[in-house]
Amino acid sequence: KIPPRPTIQPNDLVVVFESFNDLNFVYATPNAIFSNRNGHFHHNDFLGKPFGCKIRSRNNAGYGFLYLLRPTPELWMRSLPHRTQIVHELDASMIVHYLNLTPNMVVCESGTGSGAMSHVILRSIAPKGKLHTYEFNKVRVEKARREFVGHGLGHLVQVHWRDVCGKKKLLGMDGTNEENTIDYSRDATTSGDERTDDSDAANAKNNTEAQEEEEDDGNGGFQLPQATAHAIFLDLPEPWLAVPHAAYAIKPTGRICSYSPCMEQTQRTVAALRQHGFHSLRTVEARLKEYFVDEVEFDPVPTELPVIPTEETTASMEKERSEGQPSTLQQQTKQQPKDETESSGIRSKRKKIGSDSGNTNKVLCARPFPQMRGHTAFLTFATAGNAPLPDPNAS
């Protein structure tokens, strides 16, 4: 495993922190300029600087600034160019946990999409693991390959252009018929910071050749030997179609996860999992509730005992009130202004002492944010059985 470099070098991926809710990314390129509402930032000022440093703009009198962060899967999720909907941090952490991902595992993922979940899996299975990720859209396949190579992850991942569900075969289509191939190139967004220089194109080409470019033949499946994958993750519109192929490719007692937004999808997937020997099924929905944590200052707790009138004093006060005379308590208050002043002074002094100590009037409190992120998806987990299943394509 190559240790991360302490400083930013040419062509390194850098996550740009602009504000609390605004992150972007750049590839550090000599003589390039990154511009936003805070000013113009020259990439030459990035090179050689440590990750986490603060950079000032060259215009606007240097008042504009940003932070250069080392990329992590979580930061990449918040800054990547969205080609599809992505799996966010909370669901991703649940998936990694319940799939029992550990270093050096072989994992299958379908589909690749924007590659957000792929980066999370790659971090978990490094340094010698292997991720086989499948995507039926060729445009997204090519973009994902370039990104993995640019991020230094090409040796850990193989991107397949393939529909693991085999819908073309189920519908009686010819996989080589271009009229039956759906083009989603309009859904693919191109970022202005995405590298397209000759060196990156050469790296992507070499990576493609090393992976032996394949085409979707319409049969479905993962094109792996039986019992190869330790875990499988399905993010598909119809995951129940991929379950027979997953049962063939997964190792005995391996773990599988299906990510589905609708309960109807989940129900059909659960039925397919049970039919193909999976057990210990569990479906969860994770909701993120954020809290704002801060120190709150409270007044010290009163130490003086309150005056509780007796029954005789209460009866006397009622009688005096009915006769229109001032009560005995009020007369005592007027007769003892000095004592009251002294008592107030003692209380003020006590409060001041408590404030100076910092222990009696500051409490760490948490309050929830008014809004909570809504439903994302249902996560269905299951464990493969011990009995090997035949290849669906062979039958």
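The values are calculated or read from the model by the stated rules, or taken from the named source; none is laboratory data. Remember, it's a predicted structure, so these values are computed and weren't measured experimentally. Counting neighbours? That spans all protein chains shown, and the Cβs are built from the backbone with ideal geometry, glycine included. SASA here: full protein model, heavy atoms, side chains in, ligands and nucleic acids out. Shrake-Rupley method; radii C 1.70, N 1.55, O 1.52, S 1.80 Å.
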Checklist entry - Per 10 Å bin from zero, what fraction in whole % of the C-alpha pairs of the stretch 1-141 is there, up to the bin with the longest pair? => result 11, 34, 32, 19, 4, 0
Checklist outcome for this item: Once Phe65 and Lys289 are pulled to full extension, the length gained, defined as 0.36 nm per residue separation minus their Cα-Cα distance, is 77.6 nm
Next on the checklist: Quick check on packing: order 116-125, 52-61, 138-147 by the mean number of other C-beta atoms within 10 Å, highest mean leading.
Outcome noted: 116-125, 138-147, 52-61
Checklist entry - What part of the accessible area of the stretch 1-60, given as a whole %, is carbon or sulfur when the probe is 1.4 angstrom? => result 53
Checklist entry - Taking the Cα centre of each part, how many Å lie between the stretch 268-290 and the stretch 44-62? => result 47
Checklist entry - Regarding the stretch 94-158, what is the average projected area of its C-alpha convex hull, in nm²? => result 3.9
Checklist entry - Averaged over all directions, how much area does the convex hull of the C-alpha atoms of the stretch 1-73 cover when projected, in nm²? => result 5.0
Item to check | Kirkwood Rh (inverse of mean 1/r, distinct Cα pairs), the stretch 67-107, angstrom | outcome: 12.1
